[in-house]
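Report on one structure; see the data block that follows.
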Amino acid sequence: MSGKLDVAGKGASTIVAHDDAYPFGAVVPPIFQSSLFTFADYDELAARFRGEGRHPIYSRVDNPTAAEFERKLAALEGAEAARGFASGMGAISTVILGLCQSGDRVVCVRHVYPDSYRLMRRLLPRFGIAVEFVEGGDPVAVARALPGARLLYLESPSSWVFGTQELPRLAALARSHGVVTVIDNSWASPIFQRPLEHGIDLVLHSASKYLGGHSDVVAGVVAGSRELITALDETAFPYLGAKLSPLDAWLLVRGLRTLPLRMRRHHESGLAIADRLAGHPAIVRVLHPAFSNEPGRATLGGWSGLFAIEPAESVNIRAFCNALRMFKLGVSWGGHESLAFPAEVGLQQAGGINSMRDFGVSARLVRLHIGLEEVEDLWADLQQALAASATEKGR
Ligand SMILES: *Cc1c(COP(=O)(O)O)cnc(C)c1O
């Protein structure tokens with residue numbers, strides 16, 4: 001197991017903490033809680049509508065507080081431009097619908113985020129867009145699927161099983177076939193993985209997770225070249241209307257201030273807990289990139305706090321969940337709080353299409369998010385819950 005920690009971009013801490021002067025020398029940006037922005041006279045208005053200057057017009061498209069978050073996120077990812085969204089799914093749907101049209105095919109890795117999967121299975125066929133799911137850890141399988149595709153959709157590490165993909169290799173392959181590459185980088189954050197440096201075209205996040213970091217905002221973001229962001233602006237972004245709100249943008253700028261510090265802590269605490277669980281007699285498996293030897297790990301500069309465990313058959317998972325005191329039961333992750341979520345519940349989710357079922361996620365897995373609490377308190381909680389849920393012969 002590797003303890004590597006290589007906080008990307010030594011400048012990241014400066015990007016999030018340092019700002020040029022805001023009005024009146026404020027050290028925090030104002031919240032421009034205004035739907036529209038007015039113009040001094042006819043000529044200024046007309047010039048802006050002809051495309052001159054950058055004066056904001058309307059907050060569904062451009063808001064100065066949202067722009068402040070977009071500027072910082074673009075700098076963290078090493079991108080020319082970024083767009084903020086009302087949710088991660090807003091970012092994902094805008095990218096796919098903005099870049100693809102009827103007759104196109106998306107190549108997508110298995111074990112993507114469950115609602116990304118449902119979007120691809122439910123919505124894309126209605127627009128005549130086909131999707132092919134491939135094993136992302138197998139470059140030969142990806143290469144076979146690429147000819148004729150429009151988009152390669154990656155998520156590394158992936159949901160539930162935390163499988164990784166070789167970003168430089170897949171980016172080069174896709175480029176040779178004229179396929180645009182997109183990655184969901186929510187797990188690593190730009191602190192631990194900067195996909196654009198490895199040739200990926202667009203990087204997106206659920207900002208509801210680590211970027212916000214305090215479980216008080218639902219938001220998303222896409223970053224990449226000015227050319228691709230402009231393509232999204234011209235095809236989908238203003239019309240799908242999932243723009244980041246000024247107040248949420250302000251919360252994200254505040255959350256970003258501590259992103260490098262929080263990620264370091266998630267890395268250290270997550271690794272410490274994963275390591276101890278791997279040595280615990282009641283745990284069969286820990287699904288965490290630190291415990292794999294996949295080549296796709298090479299672009300990760302550290303580990304975040306999200307991974308899965310497989311308790312032994314002797315552990316009753318319902319009893320284990322009910323015995324947890326520090327860990328709360330719930331979806332999402334990336335905030336200050338530690339969370340547990342049992343796969344057997346996710347597998348039973350109502351509504352038909354289910355990525356966990358289709359990709360064969362084991363019902364015995366429990367996903368853990370290691371938050372910012374004391375490691376020893378979290379470890380004591382897991383130990384007592386495992387002891388309390390051990391049965392003579394399982395369930
Ligand atoms: C939560 C999540 C999303 C969706 O983001 P929302 O902000 O909930 O819309 C996408 N990808 C991953 C990996 C996620 O965890």
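Output the number of residues of region 195-215 satisfying the condition of being open to solvent by 10 Å² or more (accessible area, probe 1.4 Å), away from the ligand (no atom under 12 Å from the Cβ) and touching a residue at least 60 places away in the same chain (Cβ under 8 Å).
We begin by selecting, within region 195-215, every residue open to solvent by 10 Å² or more (accessible area, probe 1.4 Å); these are 196-199, 201, 206, 208-209, 214-215.
Next, only the ones that are away from the ligand (no atom under 12 Å from the Cβ) stay: 196-199, 201, 214.
Okay, now just the ones that are also touching a residue at least 60 places away in the same chain (Cβ under 8 Å), so 196-198, 214.
Summing the residues that are open to solvent by 10 Å² or more (accessible area, probe 1.4 Å), away from the ligand (no atom under 12 Å from the Cβ) and touching a residue at least 60 places away in the same chain (Cβ under 8 Å) in region 195-215 gives 4.
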Study note, to complete from the structure: Among the residues of region 216-245, the number that are within 14 Å of GLY88 (Cβ to Cβ) and part of a loop (DSSP other than H, G, I, E, B) is 5
Exercise for review: Being under 19 Å from the mean Cα position of the chain (by Cα), of a type in the set (Ser, Thr, Tyr) and not assigned by TED's automatic domain parsing to the domain that holds LYS209 narrows it down to one of SER362, SER332, so name that one.
Suggested key: SER332
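Filter region 311-330 down to the residues that are in contact with a strand residue (DSSP E or B) (Cβ under 9 Å, 6 or more places away or on another chain) and closer than 20 Å to HIS267 by Cα, then identify the one that is surrounded by the fewest Cβ atoms within 10 Å (Cβ to Cβ).
Going through region 311-330, the residues in contact with a strand residue (DSSP E or B) (Cβ under 9 Å, 6 or more places away or on another chain) turn out to be 311-322, 324, 327-330.
In the following step, the residues that additionally are closer than 20 Å to HIS267 by Cα were identified as 327-328.
On the way: PHE327: 24, LYS328: 13.
Across region 311-330, the extreme among qualifying residues is LYS328.
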Study note, to complete from the structure: Residue pairs qualifying under the 7 Å Cβ cut-off, at least six apart or on distinct chains, with the first in region 357-382 being farther than 16 Å from PHE307 by Cβ and the second being in a helix (DSSP H, G or I) and open to solvent by less than 10 Å² (accessible area, probe 1.4 Å), are ALA363/ALA343
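Can you tell me which residues in region 92-118 are in contact with an Asp or Glu (Cβ under 9 Å, 6 or more places away or on another chain) and either of a type in the set (A, V, I, L, M, F, W, C) or part of a helix (DSSP H, G or I) (or both)?
We begin by selecting, within region 92-118, every residue in contact with an Asp or Glu (Cβ under 9 Å, 6 or more places away or on another chain); these are 92, 98, 105-113, 116-117.
Selection gives ILE92, GLY98, VAL106, VAL107, CYS108, VAL109, VAL112, SER116, TYR117.
Count, please, the residues in region 360-376 that happen to be touching a strand residue (DSSP E or B) at 6+ places or on another chain (Cβ under 8 Å) and surrounded by 18 or more Cβ atoms within 10 Å (Cβ to Cβ).
Matching residues across region 360-376 total 8.
Taking the conditions exactly as written (surrounded by 15 or more Cβ atoms within 10 Å (Cβ to Cβ) and part of a loop (DSSP other than H, G, I, E, B)), does ALA79 satisfy them or not?
Details: surrounded by 15 or more Cβ atoms within 10 Å (Cβ to Cβ): yes; part of a loop (DSSP other than H, G, I, E, B): yes.
When the stated conditions are applied, ALA79 passes them.
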Practice item. Could you please let me know if SER34 is over 22 Å from the mean Cα position of the chain (by Cα), modelled with pLDDT of 95 or more and crowded, with 20+ Cβ neighbours inside 10 Å? Key: no
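Take GLU344 and tell me if it is open to solvent by 30 Å² or more (accessible area, probe 1.4 Å), touching a residue at least 24 places away in the same chain (Cβ under 8 Å) and closer than 30 Å to LEU119 by Cβ. Explain how you work it out, then say what you get.
On the way: open to solvent by 30 Å² or more (accessible area, probe 1.4 Å): yes; touching a residue at least 24 places away in the same chain (Cβ under 8 Å): yes; closer than 30 Å to LEU119 by Cβ: yes.
For GLU344, the condition - open to solvent by 30 Å² or more (accessible area, probe 1.4 Å), touching a residue at least 24 places away in the same chain (Cβ under 8 Å) and closer than 30 Å to LEU119 by Cβ - is met.
So that you can scan it fast, the table gives a plain yes or no per residue for (1) among the acidic types (Asp, Glu); (2) free of Cβ contacts under 8 Å to residues at least 60 places away in the same chain; (3) open to solvent by 50 Å² or more (accessible area, probe 1.4 Å); (4) within 16 Å of the ligand (Cβ to nearest atom):
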position	(1), (2), (3), (4)
ASP138	yes, yes, yes, no
VAL142	no, yes, no, no
LEU152	no, yes, no, no
THR164	no, no, no, yes
SER176	no, yes, yes, no
SER189	no, no, no, yes
Check your understanding: What are the pairs, 6+ residues apart or on separate chains, where a residue within region 37-59 that is in the same structural domain as PHE237 (by TED's automatic domain parsing) has its Cβ under 8 Å from a residue that is surrounded by fewer than 14 Cβ atoms within 10 Å (Cβ to Cβ) and outside any helix (DSSP H, G or I)?
Key -> PHE37/TYR58; ALA47/GLY53; ILE57/LEU36; TYR58/SER35; TYR58/LEU36; SER59/SER35; SER59/LEU36
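The values are calculated or read from the model by the stated rules, or taken from the named source; none is laboratory data. Model, not experiment: these values are computed from the prediction. With ideal geometry, Cβ positions are generated from the backbone for all residues, glycine too; neighbour counts draw on all protein chains shown. With ligands, DNA and RNA removed, areas are computed over all heavy atoms of the protein, side chains included. Shrake-Rupley method; radii C 1.70, N 1.55, O 1.52, S 1.80 Å.
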